[in-house]
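Single-structure report; data block below.
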Amino acid sequence: MEEYDVAIVGAGPAGLTAGIYAGREGLKAVILEKAVKGGMANAAPLVLNFPGFKSITGLELLKRVGDHASGYVEIKESEEIQKVEKEDGIFELITNKGQYNAKTIIIATGTNYRELGIPGEQKFIGKGISYCSICDGMFFRNKNVVVVGGGNSAAEHVLYLDDIGCNVKMIHRRDELRAQKYLQNKIKEKGIPVIWNSVVREIKGDNFVKSVVIYDRVRDVEEELDVNGVFIAIGEKPSSELAGEMGVEIDGGYIVTDKNQKTNVPHVYAAGDVTGGLKQIVVACSEGAVAAVSAYNDLKLED
Ligand code: NAP
């Protein structure tokens, strides 16, 4: 069985950058990704704050990072880890396809979309409900859509959907957005309507979404709005189950690390959104770099 110096779990910005740095340090590395390269960052309609790029889609940016990483590290897609065991100081990562042995592990498993948990949501996923405007927005050109949420993701979805010609409204549960001021100003400038102080209580339809039931928390009234599409962007939940099973310390769902991205478990590091903090692509990349160099330093010390 081939043995790696480092197995990186997750091929988002953190995992891919960890791969670049591990490869450049001369470590034999592999990235195991349960889906496809890029992770959640692929879904960013436009990235306007990654240094060196004034404006680039998440998909294009992550394609570039993925291509770059491929020169340094093996990247295995559709490879989901089922369990991790430790035998004679070596981690054994058992996936749906096989087994990988490694001296160290970098966990860069990111986050997942949060769901509203309301009637109709599960029924209409893919039938009018989406969590990704760049993936599905084009189906709703010239149609009525709502975006639920008030953070950066919701704001970016709203602006993108408006740009591609959807008739879009935003629904937010408070009277001010959490999104960055730059995005808020853009929404105002474009005159995109925001339905304030309101929550969606139900999504209705037949084969496809037809309306949402909205409750105005201030006026204490419930109204039904006809829509063809609902984009949900109400935050993320960290994908830290694997780390938890390995005995890694978790706080509020996020992996706890020190400034060298080390966890409480020797030879296990974590990087990117799964560690919480400022969720930005640039931060995930830097944490990935630090994690890989930490792994290298620890292995070098033991040589
Ligand atoms: P977020 O910042 O956590 O915002 C979630 C939004 O959804 C909040 O406005 C929240 O309302 C609302 N919300 C939460 N639960 C809800 C519910 N059950 N019903 C209705 N509304 C609900 O999540 P995000 O926008 O997905 O962003 C995730 C992270 O990625 C953030 O750290 C964000 O800054 C980062 N990010 C950054 C960029 C960028 O820099 N351009 C782009 C995308 C994401 P309240 O405001 O009332 O809490």
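The values are calculated or read from the model by the stated rules, or taken from the named source; none is laboratory data. On a predicted model such as this, the values are computed, not experimentally measured, just so you know. Positions of Cβ are generated from backbone atoms using ideal geometry, with glycine treated the same way; all protein chains shown enter the neighbour counts. With ligands, DNA and RNA removed, areas are computed over all heavy atoms of the protein, side chains included. Shrake-Rupley method; radii C 1.70, N 1.55, O 1.52, S 1.80 Å.
P(r) tail for segment 129-232: Cα pairs beyond 23 Å make up 20% of the total. Remark: segment 1-75 projects, on average over all directions, an area of 5.0 nm² (convex hull of Cα atoms).
Could you provide, to the nearest whole Å², the per residue accessible area of segment 129-232 with probe 1.4 Å?
Details: 5360 Å² over 104 residues.
So segment 129-232 comes to 52 Å² accessible per residue, rounded to a whole number.
Extension gain for residue 184-residue 258 works out to 23.2 nm (0.36 nm per residue, less the C-alpha to C-alpha distance). Per-residue extension of 0.36 nm, minus the Cα-Cα distance of residue 141 and residue 197, leaves a gain of 17.5 nm for this segment. Distance between the pseudo-spin-label points of residue 24 and residue 210 (7 Å out from Cα toward the beta carbon): 5.7 nm. Straight-line cross-link partners of residue 210 among the lysines, defined as a Cα under 18 Å from its Cα and at least 8 positions apart when in the same chain: 123, 127, 143, 169.
Pop out the Kirkwood hydrodynamic radius of the chain from its pairwise C-alpha distances, inverse of mean 1/r, in Å to one decimal. Kirkwood radius, the chain: 20.4 Å.
For segment 129-232, what % of the accessible area comes from carbon and sulfur atoms, probe 1.4 Å? Walk me through the intermediate numbers first.
Working: 2360 of 5360 Å².
Whole-percent figure for carbon plus sulfur exposure: 44.
Compute the label zone of residue 226 within segment 127-148: residues whose backbone N is under 15 Å from the point 7 Å along Cα-to-Cβ. The answer is 143-146, whose backbone nitrogens lie closer than 15 Å to the label point. Past the 27 Å Cα-Cα mark, which pairs from 37/186; 63/97; 28/83; 37/190; 86/259; 34/300? Pairs exceeding 27 Å: 37/186; 37/190; 34/300. Restricting the trypsin sites (Lys or Arg not before Pro) of segment 57-129 to loop positions (DSSP other than H, G, I, E, B) with no more than 15 neighbouring Cβ atoms within 10 Å leaves 97, 114, 127.
Tell me, in nm to one decimal, what length is gained between residue 219 and residue 302 on full extension, where the rule is 0.36 nm per residue of separation less the Cα-Cα distance? Don't skip to the end; give the middle numbers.
On the way: separation 83, 0.36 × 83 = 29.88 nm, distance 6.54 nm.
Contour length minus the Cα-Cα distance gives 23.3 nm.
Dipole size of segment 126-172 about its Cα centre, with +1 on Lys/Arg Cβ and -1 on Asp/Glu Cβ: approximately 220 debye, rounded to the nearest 20. Take segment 1-108 with all the other protein chains still there, run a 1.4 Å probe, and you get 45 Å² of accessible area per residue.
Put the Cα centre of segment 103-165 next to the Cα centre of segment 172-233 and the gap is 13 Å. Please enumerate, by chain and number, the aspartates and glutamates with C-alpha under 12 Å from the C-alpha of residue 76, excluding those fewer than 8 residues away in the same chain. Here the aspartates and glutamates satisfying the reach criterion relative to residue 76 are 33.
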